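Down below is the structure, laid out as structure tokens.
The values are calculated or read from the model by the stated rules, or taken from the named source; none is laboratory data. Bear in mind the structure is a predicted one, so any value in this text is a computation, not a measurement. Cβ atoms come from the backbone with ideal geometry, glycine included; neighbour counts cover every protein chain shown. Keep in mind that these areas ignore ligands, DNA and RNA; they rest on the heavy atoms of the full protein, side chains included. Shrake-Rupley method; radii C 1.70, N 1.55, O 1.52, S 1.80 Å.
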Amino acid sequence: EFIGYDSFSYDQKLVILNETGHVQLLNHLSPKEMYAAPNYNFRTSESNGSLRHLETFCSFVRSSIRSDKKFRSLVDIGGNDLAAVRRLRAMAENAAVIDPICTNEDGNVFDSIKIMGRFVEDVDLSTELDSPDLVFCRHTIEHISDPRSLIEQLFSQCDKDCTYLFEMPNLSSLIEAGRFDAIFHQHFHYFDLY
């Protein structure tokens, strides 16, 4: 159920689906309101912790992919301030960032990176980009209301041999570390290895 921002105070519930063990919020705030410019201010490059985690991610990507491999089209879903794609830009001929918080930059190109200031669900990757063959999604899929539909969209719109790299918080690690502050209205889903 989507709830508008006009009702800031309401009881929230964390639910576990018995069939799968998946954990998610019962109610979702509307993403169109939640990620509107005045309501969402997180930027990767403004957080020392996020920058450290980004460097770990980039090191993983570089060590996991052959150094001579050149991709045609790299897409960063949820790449807000281009911090990740700037570090990995050399891996592909073309690069793009898709993030609704970049609404004001939609259609612009910065540092040879195409900006798509929209929700990924509103982008047709097969026509608006050069059939992406490298997609990464860092700490974004937990913000997507219907992650299964996103995965299906990617499989249908990206190159058949596309490499997908997803990074997300691990529920088991959050619980072990007592990071209950990471359970909040922007994270619709909580994943673990199971």
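Key figures
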item: Enumerated strands (runs of 3 or more DSSP E) restricted to segment 77-178, each holding at least 1 residues that are under 18 Å from Thr44 (Cα atoms), in contact with a Lys or Arg (Cβ under 8 Å, 6 or more places away or on another chain) and among the small types (Gly, Ala, Ser); result: 92-98
item: Complete set of residues in segment 174-191 that are in contact (Cβ under 8 Å) with a residue 40 or more places away in the chain and not aromatic (Phe, Trp, Tyr); result: Ile183, His185, Gln186, His187, His189
item: Matching option when the condition is over 28 Å from Asn170 (Cβ atoms) and open to solvent by less than 20 Å² (accessible area, probe 1.4 Å), among Gly107, Gly117; result: Gly117
item: Residue satisfying all of: in segment 121-154; acidic (Asp, Glu) and open to solvent by less than 50 Å² (accessible area, probe 1.4 Å); nearest to the chain's Cα centre (by Cα) among these; result: Glu142
item: Any hit, segment 36-58, residues being at pLDDT below 95, open to solvent by less than 60 Å² (accessible area, probe 1.4 Å), more than 28 Å from His185 (Cβ to Cβ) and not in a strand (DSSP E or B); result: yes
